[in-house]
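The next block holds one structure in the form of structure tokens; read it before the comments.
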Amino acid sequence: MVVLRSIFAVMVGYMVMMVAVIALTLIFVKTMGLKSGNPTPGYLVLNVVYTFLAAAVGGYVTALIAQFKPMSAAAGLAILMAILGVLSYRHYTGLQPFWYQVMMMVTPSLCAFAGAALYVRNQPNTP
């Protein structure tokens, strides 16, 4: 049952992150008047920032739901994010700036760990 709860925690944490990223992307693309396929450098920086924050929230939610060994569940989320980051990197090679691709491939996993660590740090007795 603990394993199923951890898997569920990873799924929910990832969904929370993705919903936040999609919603913020739609808001900023609309408010910044961006055309499809032509992101500005300012938008890319903004996208990196809110993706990192969303990843941290996803990690926090994952740890909250997992309860037992929350950092292990966060590791599952981080691995999932890293795998999807590599796939995205391969898909968008040459279409997006290199710095952006590397940031989006590596750092969200670390931010998910940071969010889970924040949850763990604020718990009195986390296993």
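Since every read-out is calculated from the coordinates, none of them should be taken as a lab result. It should be emphasised that the depicted structure is a prediction, and the values quoted were computed from it without experimental measurement. Because the Cβ atoms are built from the backbone with ideal geometry, glycine has one as well, and the counts that use them run over all protein chains shown.
The packing ranking of peptides 42-48, 59-65, 4-10, highest mean first, is 59-65, 4-10, 42-48, where packing means the average number of other beta carbon atoms within 10 angstrom of each residue. Seen from every direction in turn and averaged, the convex hull around the alpha carbons of the stretch 1-71 projects onto 5.0 nm². Stretched out straight at 0.36 nm per residue, the stretch from Ala114 to Leu4 would grow longer than its current Cα-Cα span by 37.3 nm. Tell me which DSSP H helices of the chain clear both cut-offs, 18 Å or more of axial length from alpha-carbon atoms and a mean Kyte-Doolittle hydropathy of at least 1.6. Taking the DSSP H segments of the chain (at least 18 Å long, mean hydropathy at least 1.6), we get 2-32. Its relative contact order, with pairs defined as Cα atoms under 8 Å and 6+ residues apart, puts the chain at 34 percent.
Computed over the chain, the alpha-carbon pair-distance distribution with 5 angstrom bins reads 2, 12, 20, 21, 18, 12, 8, 5, 2, 0, each value a whole percent.
Quick one: in the stretch 66-111, what % of C-alpha pairs are over 18 Å apart? Mind showing how you got there, number by number?
Numbers: 356 of 1035 pairs.
Value for the stretch 66-111: 34 percent of Cα pairs lie more than 18 Å apart.
Stretched out straight at 0.36 nm per residue, the stretch from Tyr92 to Ile79 would grow longer than its current Cα-Cα span by 2.7 nm.
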